[in-house]
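The values are calculated or read from the model by the stated rules, or taken from the named source; none is laboratory data. Since this is a predicted model, take the numbers as computed values, not measurements. Cβ atoms come from the backbone with ideal geometry, glycine included; neighbour counts cover every protein chain shown. Just the protein is used for accessible areas: all its heavy atoms, side chains included, with ligands, DNA and RNA removed. Shrake-Rupley method; radii C 1.70, N 1.55, O 1.52, S 1.80 Å.
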Amino acid sequence: MGTTAKEEMARFWEKNTKSNRPLSPHVTIYKWSLPMAMSITHRGTGVVLSLGVSLFSLAALLLPEQFPHYLAMVKSLSLGPALIYSAKFALAFPLSYHTWNGVRHLV
């Protein structure tokens, strides 16, 4: 007759304790490399894009006015060029990075 899962787990933890193995590798153990950083950034930009599209679509559904009204409100703020270009970069970087890193991965 075979062993139960509980017995298997007890045997595993007993063996693990005797050999002084770590429970799991930690991020600080690994030496950072470019592919690792690119993978993390790719995941981060994917989350940012997903949240951005979700929030934009939710706003489009729930806000009372149409998009041109809110665009005119932003234009009336007379924001400086540094802030405008920073906002454009913040919108364009995740999309372009995520797209080109996905293409690189596929190739």
In the set TYR97, TYR85, the lone residue that is open to solvent by less than 60 Å² (accessible area, probe 1.4 Å), part of a helix (DSSP H, G or I) and farther than 30 Å from PHE12 by Cβ is TYR97
Looking at the range 34-50, is at least one residue open to solvent by less than 80 Å² (accessible area, probe 1.4 Å) and not in a helix (DSSP H, G or I)?
-> no
